[in-house]
Amino acid sequence: MAMAEGTELKLQQLFGELRRMLDEIEAAAEGLSLEGSVQELLQPFDIPLTMHPGYFKGKKPIAVVFPGERIVEAKTWKLVAKALLADCLLASSSREMMLYMRGKVLGRSRLLLAATPKGMDAPIQVAEGVYFESKFDTETLLRIITDLIFKPTRYDYRGIKIRIRLAPRQP
């Protein structure tokens, strides 16, 4: 019985201390405006495409920013993929190799880059006669584009950035 009373007394002391600490935190935070800070955190920002693909998970794309500040609006990762691959096709140094690679870039069970959408689950038409399989999560999609398409074509993607916004978390 005495042990239970001692434990209860200690809990009351801890709660009292916790209340005092919370009061101090509230008093210190009264003069701060957190709304502006939250708004700043939600502002769009650019991430280099050279960043690890896993970093892009959970982020919402707004646009692709190419060198020279050319901006292509892309509000989904599929549109980001299309913009990136279309630019690779525009580059004379990588166009021929990318066209050659159609039908030769394989995933586990299907073509990733082809001349027709046949056999693809979620094809994106990049250009006439160029289709890309896009049924992947963000990390895999970006890894496929950079490692399996850009690197073999020697497409220089070092100056490309993805403009993103953080999605506010739902309560």
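The table for this structure:
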{"read-out": "Principal axes of the range 61-171: Cα extent on each, largest first, Å", "value": "44, 34, 22"}
{"read-out": "The range 109-119 - phi-based ³J(HN,Hα) in whole Hz, Karplus 6.51/-1.76/1.60, Gly and Pro as x", "value": "9, 8, 5, 9, 9, 8, 7, 9, x, 4, x"}
{"read-out": "Dipole-positive endmost among Val130, Gly103, Leu141 within the range 71-156 (Cβ charges, Cα centre)", "value": "Gly103"}
{"read-out": "Links that overshoot a 24 Å alpha carbon limit, given the list Lys118/Lys161; Lys57/Lys161; Lys104/Lys161; Lys75/Lys161", "value": "Lys118/Lys161; Lys104/Lys161"}
{"read-out": "Distant-in-sequence amide H partners of Phe136 (H built 1.01 Å from N, under 5 Å)", "value": "none"}
{"read-out": "Phi to ³J(HN,Hα) by Karplus 6.51 cos²θ - 1.76 cosθ + 1.60 over the range 78-84, Hz, x for Gly, Pro", "value": "5, 5, 4, 4, 4, 5, 5"}
{"read-out": "All-pairs alpha carbon distance profile, the range 96-140, 5 Å steps from 0, percent", "value": "5, 26, 35, 22, 11, 2"}
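Quick note: the coordinates plus some simple rules give every number you see, no bench work behind them. Please read these numbers as outputs of a predicted model, since none were measured by experiment. Ideal geometry is used to build each Cβ from the backbone, glycine not excepted, and the neighbour counts take in all protein chains shown.
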